[in-house]
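This report concerns only the one structure given below.
The values are calculated or read from the model by the stated rules, or taken from the named source; none is laboratory data. Keep in mind that what you see is a predicted model, and the values were worked out from it rather than measured. Heads up, the Cβs are rebuilt from the backbone with ideal geometry, glycines too, and the neighbour counts pull from every protein chain shown. All accessible areas refer to the heavy atoms of the entire protein, side chains included, with ligands and DNA or RNA removed. Shrake-Rupley method; radii C 1.70, N 1.55, O 1.52, S 1.80 Å.
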Amino acid sequence: MRRGCISLGNIKCDKCGRIIGYPERYLVVDEKDGEEVAKGDTVRYCVECALDKGYARYREEKGERTLTFLP
């Protein structure tokens, strides 16, 4: 399960180790051994790592470019 969140404090990206400060966006994914599962280990990704893994993308809508974590 994917959840897009806004950091309220210092959260660490589990892939690159970068600190995600307030008010940056990040993604929380329940995955085990690199595959999404309904329940499992919770992994936090910064926007850059989520883009690299294919969990996030930019889309054009009404002339604006927006970031989405939805498939």
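What's the local net charge at Tyr58, with K and R +1, D and E -1, over the other residues with C-beta under 13 Å away?
Working: positive: Arg25, Arg57, Arg59, Arg65; negative: Glu48, Glu60, Glu61, Glu64.
Here the count lands on 0.
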Extension reserve of the Thr42-Glu64 stretch, reckoned as 0.36 nm per residue once the Cα distance is removed: 4.8 nm
Surface share of carbon and sulfur [accessible, 1.4 angstrom probe, percent] for the chain: 49 percent
Counting all C-alpha pairs of the chain, share separated by more than 15 Å (%): 53 percent
Cα-projected label distance for Tyr22 with Ile6, points at 7 Å along beta-carbon direction, nm: 1.2 nm
